[in-house]
Protein chains: 2
Amino acid sequence: MDHESSPRRTSLTAPDVVVAGAGLIGLVTAWRAARLGLRVGVVSPEEPGTASGVAAGMLAPATEATFGEEPLMRFGITSRDRYPSFLNELAEDTDVSPGYRTKGTLQVAFDTDDMAVLTELRDLRDRLGLRTERLTSRECRRLEPALAPSVRGGILAPDDHSVDPRRLTAALRSACLRHGVAFIPERVAEVVLADGTVRGVRLTDGTTVPAGQVVLAAGTWTSQIGGLPTGTVPVLRPVKGQLLRLRTPTGEDPIVSRTVRGLVRGSPVYLVPRDDGEVIVGATQEEMGHDTRLTVGGVWEVLRDARELVPGVAELEIAETCVGLRPGSPDNEPLLGPTGVAGLHLAVGHFRHGVLFTPATGDVMAQALTTGSLPEYARRFDAARHFGATA
Amino acid sequence: MDHESSPRRTSLTAPDVVVAGAGLIGLVTAWRAARLGLRVGVVSPEEPGTASGVAAGMLAPATEATFGEEPLMRFGITSRDRYPSFLNELAEDTDVSPGYRTKGTLQVAFDTDDMAVLTELRDLRDRLGLRTERLTSRECRRLEPALAPSVRGGILAPDDHSVDPRRLTAALRSACLRHGVAFIPERVAEVVLADGTVRGVRLTDGTTVPAGQVVLAAGTWTSQIGGLPTGTVPVLRPVKGQLLRLRTPTGEDPIVSRTVRGLVRGSPVYLVPRDDGEVIVGATQEEMGHDTRLTVGGVWEVLRDARELVPGVAELEIAETCVGLRPGSPDNEPLLGPTGVAGLHLAVGHFRHGVLFTPATGDVMAQALTTGSLPEYARRFDAARHFGATA
């Protein structure tokens, strides 16, 4: 994160909106609201352990599509298609580049069973109107010569791109500052209510920040914010992901030129290249509570599958190991907009799709904060839908 | 390394001996010489990239024994048998505990071929007088319940112990300080000669430190010290090792209670437990020049074999990844004592055996510095034996 965009406490007297959380979802909400003229404060610790800082940054609804998740995928397609105009708007407010790469995604199958799975997903993709192209093993290797010769075949999704979530985070933070968003380097301890209506938030240092509207966007940590009727925020499961950042020798191109996803004997793995030569390899998906330990099993699993798919990664340097916690809601779908508490909004539960859903979430939350309702395409994700369910 | 033993520049006027290098070999040489009343200075950068800081610390000649290396193993046995008295002497000079563990080493075979290799080494061990005991698979697992059930059998070497090289380094440094050894946080740029005789060393900052005797003990970096006739220091190959330090959950015992070495489909791997619950898992052996990159292939190989041998490691946390460079001489044997240059000694080329050879090297170098000759049992390692060979 560059210096200009580092957190700072700016003057803040009675903001219209306080956002808890400075991951992509919190930042995009703050930025869109501020662009509409609202006075916005963002509360987040100096070094938040966000999923955004760990995410690979795939914008890949076509290769992510799976049975039973069509509504989620439709929202993903909406958000993916919004990305180019969203990034243009962002560029008006900051010089920080988000590392957008537009070479598409190649999804490959390691063995016959893996190929059968990819083939089965074809109908689903057609139904969702997702453009994909079936490729032979030879065609896959023509696109990505580092692929193992044993790869059985694959699918090219020419519209599934990628972004660098760390750079996008820095860009959104910078754009927020441009619009006068105040950053408060604390945690929200509780939401302050009076007569069932939001009055602001109390921070862990005891300070109260008054505000007419509050957005909780603190990922898995959101469940720990107090002061609310039981069930207002459903339990958010931390879904652990372990991944590795590999470094390409100076002067060489990354080992893959576009996102490569693979099924290796049923196990999913991906490699996402960055403009600076870095290649992200991931990721595990583990339900372990708030456990952020890097483990032998997690690292081994990622390396095993990456090596099978692209043997040349063996020569690459491990520059960094990362562990993140994805926020999973009870139905694995996000919770957006107004809750049963007047003035309180949620923007949580983005699970594996936070980066993909960032532009659409910004639009949805801006509308929620200004009109109190969600756009038609996001009604399904109504934040009050679990209210009353046992927490 | 604790604060008390951190490098410091103490007053040093015309020492008798200057030692270049503050790994285990440099430190043990300095300490033994200082105990004999010599005034000693040690020249080493503040954060030397020593092999000692990475080593696992196995004192395991019995399970290390291999064909064609009998003389090396005899020296190893001498040094291993010297360890208890050596550590007693060290304890007279410091309170820093070296993390000595005396539960022996269990060497196991993963498949039938691996078992055949272990069995073949039996005669060699008998010939060297090394005490080992053949165990069935069940007996192995009785000793170490975390071993994979598929382990074919193994050998217990009850006298092959371990030490914590980082703690031993700290202990030796502390003992050196107790005896007035001066630490100079610089590098030796060249040895200063006059009439073919050592007069001292010149540091990279241009300072000259006069001394009647100089010991070069800077591992693979020793080859880069200037001012000497060609061939005085043979080429020392850096043999890269990548290993991992695993953390045991608080309150639990380490996953193995003694050093466990294994052959897994011909590939050697080891797990070395520490008193604080840490388990060292390693190590690769790669000839890559001065390359200290942590690589996908290296980490994967270590994790693959460790998992096969002790499946439960999958749950452990990776606390640290390490890369070290072992100094390999042309014949893989150390170079000890006087060279063709009057007053110049070497203590280098310990390759994979630096920790094991530490006590014996201390004795040998103390004798060399005080009498100019090597004890009988170390004559084979005469530092001048390669002199005249093409560098």
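In this structure A:ARG247 has an accessible area near 120 Å², from a 1.4 Å probe over the protein heavy atoms. Evaluated at q = 0.11, 0.21, 0.24 Å⁻¹, a Debye calculation over the C-alpha positions of segment B:286-391 (equal weights, vacuum) places log10 I(q)/I(0) at -0.52, -1.08, -1.29.
For the protein assembly as shown, the Kirkwood estimate of hydrodynamic radius, built from reciprocal distances between every pair of different alpha carbons, is 29.6 Å. Projected onto its three principal axes, the C-alpha set of segment A:139-205 covers 64, 29, 22 Å, listed from the longest axis down.
Amide H contacts of B:HIS345 (H built 1.01 Å from N, in plane; Pro and chain starts excluded): B:VAL214, B:VAL215, B:LEU216 sit under 5 Å, all sequence-distant by 5 or more or on other chains.
Dividing the convex hull volume of the alpha carbon atoms of segment B:318-368 by its residue count gives 108 Å³ per residue. By a 1.4 Å probe calculation restricted to protein chains, B:ASP113 has an accessible surface near 110 Å², given to the nearest 10. Peptides A:62-69, B:205-212, B:80-87 ranked from most to least packed by the mean count of surrounding Cβ atoms within 10 Å: A:62-69, B:80-87, B:205-212.
For chain A, the relative contact order works out to 23 percent when only alpha carbon pairs closer than 8 Å and six or more residues apart are counted.
For B:ASP159, the residues 5 or more places off, or on other chains, whose built amide H falls under 5 Å of its own are B:THR105.
Could you grab the relative contact order for segment B:302-391? Cα pairs under 8 Å, six or more apart, rounded to a whole percent.
Numbers: 96 pairs, mean separation 24.1, N = 90.
RCO, segment B:302-391: 27 percent.
Note on B:GLU70 and B:ASP126: the model spin-label points, each 7 Å out from Cα along the C-beta direction, lie 1.5 nm apart. Take A:GLY37, move 7 Å from Cα toward the beta carbon, and the resulting point lies 9.3 nm from the same point in each other copy, nearest first. Projecting 7 Å from Cα along the Cα-to-Cβ direction, the label point of A:GLU190 sits 7.4 nm from its equivalents in the other copies, listed shortest first. Size descriptors for segment B:237-293 (Cα atoms only): Rg and Dmax, in that order, 13.5, 42 Å. Using the rule -39500 (n - 2.57) for each DSSP H run of four or more residues, divided by the residues of chain A, the 222 nm mean residue ellipticity is -9000 deg cm²/dmol.
Binning the C-alpha pair distances of segment A:121-267 at 10 Å intervals from 0 yields a P(r) profile of 8, 22, 24, 19, 18, 9, 1 %, listed from the shortest bin outward. Per-residue shielding of A:315-322, expressed as the average number of other chain Cβ atoms within 10 Å of the residue Cβ, stands at 4. Mean sequence separation of contacting Cα pairs (under 8 Å, at least six apart), scaled by the length of segment B:31-133, corresponds to a relative contact order of 32 percent.
Peptides B:326-332, B:21-27, A:314-320 ranked from most to least packed by the mean count of surrounding Cβ atoms within 10 Å: B:21-27, B:326-332, A:314-320.
The Kirkwood radius of chain B, taken over pairs of alpha-carbon atoms, gives through the Stokes-Einstein law at 37 °C and 0.692 mPa s a diffusion coefficient of 154 µm² s⁻¹. Ranked from largest to smallest solvent-accessible area, with a 1.4 Å probe on the protein heavy atoms, B:MET115, B:MET288 come out as B:MET288, B:MET115.
Per-residue shielding of B:302-308, expressed as the average number of other chain Cβ atoms within 10 Å of the residue Cβ, stands at 3. Each other copy holds its own label point for B:VAL235; taking that point as 7 Å from Cα along Cα to Cβ, the gaps run 6.4 nm, nearest first.
Using alpha carbon centroids, what distance separates segment A:295-359 and segment B:317-370, in Å? One Cα centre to the other: 47 Å. Between A:ARG293 and B:ASP331, the modelled labels are 4.8 nm apart [label points 7 Å from Cα along Cα→Cβ]. Take each residue of peptide B:20-31, count the partner chain Cβ atoms within 10 Å of its Cβ, and average: the result is 0. For segment A:13-148, a Kirkwood hydrodynamic radius built from all Cα pairs, placed in the Stokes-Einstein relation at 25 °C and 0.890 mPa s, yields a translational diffusion coefficient of 135 µm²/s.
The values are calculated or read from the model by the stated rules, or taken from the named source; none is laboratory data. Computed from a prediction, not measured in an experiment: that's the story for all the values here. All Cβ positions, even for glycine, are placed from backbone atoms using ideal geometry, and neighbour counts span all protein chains on display. Ligands, DNA and RNA are stripped out before the accessible areas are found, and what is left, the full protein with its side chains, is counted by its heavy atoms. Shrake-Rupley method; radii C 1.70, N 1.55, O 1.52, S 1.80 Å.
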